[in-house]
Amino acid sequence: MSVLCPPTTYLPPIAKIASFSVTQLLDALTYLQSLYHPEVRGSRRKRVQAPVFNGEQNSRLRHEDDNELQVIRFDASERSYSIRWLTVLIAQLEVWQDLSHSGEASLDNLGKPESTFTHAEMIVQQAASLLAICAGVAAAGMITRNFIFGSIDGQRRVEAQLTDIPLDNDDYGSVGAQTWGGACVLAEMIVEDPERFGLDFSPDDPKSRRLNVLELGAGTGLVSLAVMKLLDTLPSFNHREVSVVATDFHPSVLANLKSNINANVPSTHNQITSTHSITTHFLDWSSLSTAPRPDCLSYPFDVVFGADIIYEAQHAVWIRNCLKGLLRRPSDSTISPAAFHLVIPLRPTHTFESSTVESVFLKASDVDPNDDAVLVILSKESITCDAHGDAHGDYTRGQGLGEDVEYLHYRIGWSNARL
């Protein structure tokens with residue numbers, strides 16, 4: 001286990017801030033960003049080329065969100081020190097700027113190089129943003145992150161801002177209150193290649209057919225929002241009816257899910273794209289087959305998504321039972337077959353739970369296509385992610401942070417569907 005340096009140890013001493021270079025100050029801000037505004041662990045896929053936006057690669061700092069880091073992040077004295085450090089930094093930079101602009105002192109007299117003043121505004125903006133985070137939601141155990149996904153060629157770009165909330169008294173059922181790496185991986189893959197995930201219409205599809213999309217265990221809503229925002233940008237869906245339904249079980253998770261949806265899809269959305277809708281709804285996997293079904297779950301879905309939703313032994317069985325009633329069955333050969341896309345991490349602590357997917361869903365090759373339709377695994381893909389992404393500084397003592405997170409992406413569908 002590496003030892004993360006707390007702010008009181010890592011940051012330049014407050015009394016000596018004026019003597020540090022731009023590079024050192026920016027490194028300190030990057031450290032605070034990783035601590036108080038972290039990205040999701042294990043959500044950066046390893047690949048040859050990352051998505052490009054306007055000629056620039058999307059570079060995002062990743063950092064482990066382990067128990068040690070959590071202790072430091074929610075340490076009131078460390079956060080108080082960080083707030084004081086940021087306040088002094090901003091005040092010092094503003095003094096330098098005022099003196100320089102007024103002509104009362106030259107750069108030589110101030111003892112600061114030209115680069116300090118060139119970057120002063122950027123440093124102040126970063127410091128002010130972090131100051132708001134440290135004094136606000138981070139102090140309350142809430143984290144708000146900005147996510148950006150795009151195609152390799154930069155032609156598509158989807159953005160979402162999501163808030164994670166604290167777990168309900170360590171209630172394991174409320175884990176959806178946090179954004180997990182599997183959701184980041186799945187959302188990124190969807191935006192990169194929509195057709196691969198059935199988010200397209202073939203030329204033979206009836207013009208009036210609606211695309212119905214469902215997410216199981218939507219959590220903070222990242223995948224559902226990525227799908228909705230993506231479809232809003234695709235010309236082929238300009239006049240197509242689209243329904244996205246994001247579901248979850250735990251009350252606090254559902255409330256946060258709805259809040260995130262409302263924050264990202266304003267009330268004016270339906271006025272702009274009146275044929276596209278996104279809703280949230282309660283769904284208990286264990287009782288769907290016996291409980292009355294709400295209107296939003298009363299029709300068959302063309303695409304179903306699930307990210308990091310297998311963490312108890314019975315989950316795979318419950319999900320299969322849900323899919324039997326929710327995933328569109330093959331009926332018309334001119335319509336692309338429906339599919340369930342599932343991404344799960346291979347956690348050492350949940351080896352058995354992960355294995356239940358392949359015991360509950362048979363491989364397509366093991367089923368006679370002439371028999372009655374059953375849900376089978378149509379394809380399986382292994383995905384490797386950096387656990388912590390590209391480190392922009394060494395915030396640890398001792399061993400580095402290099403390790404991988406492995407995911408499996410399953411495409412599950414009906415055995416006698418046209419592939």
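The values are calculated or read from the model by the stated rules, or taken from the named source; none is laboratory data. Values in this document were obtained by computation on a predicted structure and should not be read as measured data. Positions of Cβ are backbone-derived with ideal geometry, glycine not excepted, and every protein chain shown enters the neighbour counts. The area values use the complete protein model at the heavy-atom level, side chains included, leaving out ligands, DNA and RNA. Shrake-Rupley method; radii C 1.70, N 1.55, O 1.52, S 1.80 Å.
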Restricting the stretch 279-326 to residues that are within 17 Å of residue 218 (Cα to Cα) and among the small types (Gly, Ala, Ser), which is most open to solvent (accessible area, probe 1.4 Å)? 286
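Residues checked against (1) more than 17 Å from residue 70 (Cβ to Cβ); (2) open to solvent by 10 Å² or more (accessible area, probe 1.4 Å); (3) modelled with pLDDT of 75 or more; (4) touching a Ser or Thr at 6+ places or on another chain (Cβ under 6 Å):
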{"position": "147", "(1), (2), (3), (4)": "yes, yes, yes, no"}
{"position": "155", "(1), (2), (3), (4)": "yes, yes, yes, no"}
{"position": "162", "(1), (2), (3), (4)": "yes, no, yes, yes"}
{"position": "168", "(1), (2), (3), (4)": "no, yes, no, yes"}
{"position": "173", "(1), (2), (3), (4)": "yes, yes, no, no"}
Would you point out the residue of the stretch 76-97, among those that are of a type in the set (A, V, I, L, M, F, W, C) and out of contact with any helix residue (DSSP H, G or I) (no Cβ under 7 Å at 6 or more places or on another chain), that is farthest from residue 16 (Cα to Cα)? 76
Which condition does residue 25 not pass, out of (1) modelled with pLDDT under 85; (2) buried (at least 18 other Cβ atoms within 10 Å of the Cβ), if it passes all the others? (1)
Which ones in the stretch 340-358 are within 21 Å of the chain's Cα centre (by Cα) and of a type in the set (Phe, Trp, Tyr)? 340
State whether the residues of the stretch 262-274 include one that is under 26 Å from residue 230 (Cα atoms), surrounded by fewer than 16 Cβ atoms within 10 Å (Cβ to Cβ), in contact with a helix residue (DSSP H, G or I) (Cβ under 7 Å, 6 or more places away or on another chain) and not basic (Lys, Arg). no
Keeping to the stretch 25-45, report how many residues are at positive phi and among the charged types (D, E, K, R). 0
Anything in the stretch 28-39 that is open to solvent by 10 Å² or more (accessible area, probe 1.4 Å) and either more than 15 Å from residue 83 (Cα to Cα) or modelled with pLDDT of 90 or more (or both)? List them, or say none. 39
Boolean, residue 51 is over 20 Å from residue 122 (Cβ atoms) and modelled with pLDDT of 85 or more: no
Selection within the stretch 337-365 - surrounded by 19 or more Cβ atoms within 10 Å (Cβ to Cβ) and either at positive phi or in contact with an Asp or Glu (Cβ under 8 Å, 6 or more places away or on another chain) (or both): 338, 343, 344, 345
Test for residue 229: is it open to solvent by 30 Å² or more (accessible area, probe 1.4 Å), farther than 25 Å from residue 410 by Cβ and not in a loop (DSSP other than H, G, I, E, B): no
Scan the stretch 152-168 residue by residue and report those that are without any contact (Cβ under 8 Å) to a residue 40 or more places away in the chain and touching an Asp or Glu at 6+ places or on another chain (Cβ under 8 Å). none
Taking the stretch 232-242 on its own, how many of its residues are open to solvent by 10 Å² or more (accessible area, probe 1.4 Å) and out of contact with any Phe, Trp or Tyr (no Cβ under 7 Å at 6 or more places or on another chain)? 7
